[in-house]
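Report on the structure given below.
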Amino acid sequence: MEIGEQRVLSLSPQDITAIGLSLEVAGVATLATLPVAVFVAYALARWRFPGHAAVNALAHLPLVMPPVVTGFALLLLFGRHGPLGAFLAENFGLVFAFRWTGAALAAAVMSFPLMIRPIRLAFETIDERLPQASRSLGANSMWTFLLVTLPLALPGVIVGAILGFAKALGEFGATITFVSNIPGETQTIPSAIYSLMQTPNGDASALRLAAISAGIAILALLVSEALQGRAGARR
Amino acid sequence: MIDVDLRLSRPGFDLSAAFATQARVLALFGPSGAGKSTIAHLIAGLSRPDQGRVAIDGATLTDTARGICLPPEKRRIGFVFQDALLFPHLSVRRNILFGRFFTPSAERRIPIAPVIETLGIGPLLERRPATLSGGEKQRVGLARALLASPRLLLMDEPMASLDHARRHEIMGLIEILRDEFAIPIVLVSHSADEIMRLADEVVVLDHGRVVAQGAPARTLPGASRLIEGGRFALTSVLAARAGAHDARYGVTWLAHPAGEIVVAAKVAPVDRPIRVLVKATDVALARTRSYDISVRTILRGAIVAIDSDQGPLAFVTLELAGGERLTAAVTRLALDELGLSVGAEIFALVKTVALDERSM
């Protein structure tokens, strides 16, 4: 890319690749997880079913387990010879091990608990009688969810998505354990910073990447505030 | 035609209630926890009975014996909630059109414009629910339920969170809806004046059971113990005709079969039918007609029921000449000292009456 040659921020091509890859990994992880997170958050908030506590615990597990353990578990499950990894590779050609897709999977799993918390809270604070009103007006449960419940939970969904995105962007332990640190394939900003810190005279580059990483996170927060302000102004 | 037979068991609460009615406005009345709202939710399909049947105008909505229990969206019952429960993220316009969107075009028999006009919500259409006052919200809530063209309007204490003036405004509107849009209404209420004014028939509930059913004027006095705000809120309604107005004193004489009723107001024109409300606590009883007192309204009747317990007060219901009933609150002491019992001929001294300002 041309930007790399201009050296506006005196970033090396490798830095640019890491930033681009990070945004891609975090973006894909967030977009792919969000519908699942909304569903699980809704189920945990509104349904009482056998195994409720187990689902809740499972969803929160990555938050409390050491990231290395999560990464190791992913490696065992989704590695080339892992039960799920082998199945997905054979049937869908979907390979996670040592690929950027694996980085996205690790980011998704690690950000999942952070994502569902605010979304679940948003569903829980909705007056349960509002969906009832919607049903009595002729909207079935799907329409009610789309027209009443989800719009009312939107600020929480936005917070969840941004938190998840920020977490995905910063994910390090599980990612490096699961997919290693391959420049151009799995080397995200945190892995790149880690590599630079191991390199003689790499501190300046590490600092630049750290600043960019912080910048993206702050930008994400500002976007979230703005979106929430909009969603809030509509009620 | 509303036909309901419902059974529901919950920890600490048993419901077993059956009633059928042709009333245009049926009131479900009883103290908190009597099961009124539970029945409303069961009729609307917002919860399921253990056993039971709900049919409206021949359409079976619930029949557990036949395995029928339609979901709420298939019932076409307009539910009006106590606090209106408008969708906070939608404008008033979208709120009131919400149900219409889901109503099959062939069933959209309630026109939009007259509803907006009647309920006076035209200026509110672009507003958000959060910016509306309590009375405005409830008017929008009525419009929203109505515009789904429901087969029944279920109102769950629609006026309980409104102040006095707003309550009377909403009561007036409910009367207009009842008369203009010809939709049967089930009104859940614990307030006697709402029921007296709006309902043709009342089902009295206590502890999940139907304890009485009938015309409000005949049924509520017997259920006085269950009335919110104590039995002192008990009010009788009398139908009279406007008579001469005495401009010197500012009073009007109303003609009633049991005697003349004096109201401290001008009622015109002469012979216009008018209803008056009489609080039980504004009625005294006398064995003989006495003109030696300040009370000018003296009505003749006979005692048909005495409702008393260990408390100091007894509620005495009279059948007045002409057949209407009037309830008086007197002490048990007075009953005994005057030797009053059922069947006794008696005069009711009515201190003040309120005019019921609805049209007749």
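Considering the conditions (1) without any contact (Cβ under 8 Å) to a residue 24 or more places away in the chain; (2) among the hydrophobic types (A, V, I, L, M, F, W, C); (3) within 23 Å of B:Ile2 (Cα to Cα), B:Ala113 is excluded by exactly one of them, (3). The C-beta contact set for the range B:75-94 (first residue closer than 21 Å to A:Leu150 by Cβ and at the interface with chain A (Cβ under 9 Å from one of its Cβ atoms), second residue in a helix (DSSP H, G or I) and aromatic (Phe, Trp, Tyr), distance under 8 angstrom, 6+ apart or interchain) comprises B:Phe87/B:Phe98; B:Leu90/B:Phe98.
Considered as a group, the residues in the range B:276-309 that are in contact with a helix residue (DSSP H, G or I) (Cβ under 9 Å, 6 or more places away or on another chain) and outside any strand (DSSP E or B) include one that is surrounded by the most Cβ atoms within 10 Å (Cβ to Cβ), and that residue is B:Ala280. Tell me, yes or no, whether the range B:47-65 has at least one residue that is within 14 Å of chain A (Cβ to nearest Cβ) and more than 17 Å from B:Val186 (Cβ to Cβ). Yes. What residue, of A:Pro190, A:Pro155, is within 14 Å of chain B (Cβ to nearest Cβ) and over 30 Å from B:Arg76 (Cα atoms)? Testing whether each residue is within 14 Å of chain B (Cβ to nearest Cβ) and over 30 Å from B:Arg76 (Cα atoms) leaves just A:Pro155. Only one of the numbered conditions (1) over 27 Å from the mean Cα position of the chain (by Cα); (2) within 20 Å of B:Ile39 (Cα to Cα); (3) hydroxyl-bearing (Ser, Thr, Tyr) is violated by B:Thr131, and that is (2). Does A:Leu146 meet the test of being more than 10 Å from chain B (Cβ to nearest Cβ) and without any contact (Cβ under 8 Å) to a residue 40 or more places away in the chain? Yes. For the range B:178-208, the set of residues classified as farther than 23 Å from B:Gly35 by Cβ, among the hydrophobic types (A, V, I, L, M, F, W, C) and modelled with pLDDT under 85 consists of B:Phe181, B:Ala182, listed by residue number.
Of all residues in the range B:310-360, exactly one satisfies the criterion of being outside any strand (DSSP E or B), without any contact (Cβ under 8 Å) to a residue 24 or more places away in the chain and of a type in the set (A, V, I, L, M, F, W, C), namely B:Leu333. Residues in the range A:76-91 that are without any contact (Cβ under 8 Å) to a residue 12 or more places away in the chain and not in a loop (DSSP other than H, G, I, E, B): A:Leu76, A:Leu77, A:Pro83, A:Leu84, A:Ala86, A:Phe87, A:Leu88, A:Ala89, A:Glu90, A:Asn91. Within the range A:111-118, is even one residue touching a His at 6+ places or on another chain (Cβ under 8 Å) and surrounded by fewer than 24 Cβ atoms within 10 Å (Cβ to Cβ)? Taking every residue of the range A:111-118 in turn, at least one turns out to be touching a His at 6+ places or on another chain (Cβ under 8 Å) and surrounded by fewer than 24 Cβ atoms within 10 Å (Cβ to Cβ). Residues in the range B:287-320 that are small (Gly, Ala, Ser), within 14 Å of B:Gly343 (Cα to Cα) and within 25 Å of the chain's Cα centre (by Cα): 1 in all.
For the range B:95-130, the set of residues classified as away from every other protein chain (no Cβ under 14 Å) and among the acidic types (Asp, Glu) consists of B:Glu117 only. Restricting attention to the range A:199-232, report how many residues are touching a Pro at 6+ places or on another chain (Cβ under 8 Å) and under 14 Å from A:Ala166 (Cα atoms). Within the range A:199-232, residues that are touching a Pro at 6+ places or on another chain (Cβ under 8 Å) and under 14 Å from A:Ala166 (Cα atoms) number 1. Regarding the range B:187-195, can at least one residue be identified that is outside the structural domain of B:Leu326 (by TED's automatic domain parsing), under 21 Å from B:Ile2 (Cα atoms) and assigned to a loop (DSSP other than H, G, I, E, B)? Looking for residues that are outside the structural domain of B:Leu326 (by TED's automatic domain parsing), under 21 Å from B:Ile2 (Cα atoms) and assigned to a loop (DSSP other than H, G, I, E, B), one finds at least one in the range B:187-195, hence yes. Just one of the listed residues (A:Ala122, A:Ala133, A:Ala139) is assigned to a loop (DSSP other than H, G, I, E, B) and within 14 Å of another protein chain (Cβ to nearest Cβ), and it is A:Ala139.
The values are calculated or read from the model by the stated rules, or taken from the named source; none is laboratory data. Note that the coordinates shown come from a computational prediction; the quantities given were computed from them, not determined experimentally. Cβ atoms come from the backbone with ideal geometry, glycine included; neighbour counts cover every protein chain shown.
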